[in-house]
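Down below is the structure, laid out as structure tokens.
The values are calculated or read from the model by the stated rules, or taken from the named source; none is laboratory data. The shown structure was predicted, so the numbers you read here are calculated from the model rather than taken from an experiment. When we count neighbours, we look across all protein chains shown, and the Cβ atoms used for this are built from the backbone with ideal geometry, even at glycine. Accessible surface is based on the protein model in full, side chains and every heavy atom, while ligands, DNA and RNA are left aside. Shrake-Rupley method; radii C 1.70, N 1.55, O 1.52, S 1.80 Å.
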Amino acid sequence: QGKILVIDEAQESEKLGAYVRYMKEIWENQTVILLGSMMSRLFRKGIKYPVGRTKHLRIFPMTFFEFLKGIGEDLLLEKLKRWSVDEFLTPPFHEKAITLFDQYLKVGGLPEVVFLYGHQKNWEAKIQNLAFEYTEDFKRVEGEERSSIFEQAIKRIAATLGSPSKLSTIIASHQPGYRWLPDILNLLENWLLVYKIPVETPHPTTGGRIPP
């Protein structure tokens, strides 16, 4: 009857993935939306993936332009969109753009955090709470032992942001948690907390030696 069924944190169910194919086959006119930060866990071992029965939508955090729109900086946004070498920003707008971009790097692009920032509320506390929730979520999925490595990885990545980094940049290769890092980084990428950017060099043959 025109209603949409939405199931949040769908990956928490051990059985739901097995029913997806029947949602499509039996509920022909029913739209079902499954939400979750780790949807790869929805189809666990032994659950057949429903090929051709699903549509995927990956939602990313706000870009800088979306951040500006979210906090009501429409005039600056329009000026940045029209920017060109011939139509440069005046010093006041340039200064404002640099200041807000620096703030965007601190606030990030999560809608709820941006909303709090735009309404001059405590967005820092929200980020701290989210970091705690991510750690607790990781602890629940991967166990207590790895959770400290998870926290250390986030802090080290933040400290070396924008610089080429190897696994040993995050955790020394002789430390016990080093072997868990690839799995942890993969999870951080799936949660869109980390972006891995390959380094491009003018000499492709040597590019492989430079870590992302």
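What range in the chain is the longest one free of GluC sites (Glu not before Pro) that are in a loop by DSSP and have at most 10 other Cβ atoms within 10 angstrom?
Working: sites that count: Glu28, Glu87, Glu200.
The answer is 88-199.
How would region 21-153 be classified by its alpha-carbon gyration tensor: rounded, prolate or oblate, with rounded meaning a/c under 1.5 and the a/b versus b/c comparison settling the rest? Working shown, then result.
Values: a/c = 2.90, a/b = 1.60, b/c = 1.81.
Verdict is oblate for region 21-153.
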Between region 82-118 and region 14-47, the alpha-carbon center distance in angstrom: 39
Greater than 27 Å separation of Cα atoms is the criterion. Which listed pairs, Lys79/Lys106; Lys3/Lys81; Lys15/Lys139; Lys3/Lys196, meet it? Lys3/Lys81; Lys3/Lys196
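Considering only protein heavy atoms and a probe of 1.4 Å, how much of the accessible area of the chain is carbon and sulfur, as a whole percent?
Details: 8600 of 15350 Å².
About 56 percent, which is the carbon plus sulfur part of the accessible surface.
For region 1-127, what does the accessible surface come to per residue with a 1.4 Å probe? Please give it in Å².
Numbers: 9580 Å² over 127 residues.
Computed with neighbouring chains in place, this is 75 Å² per residue.
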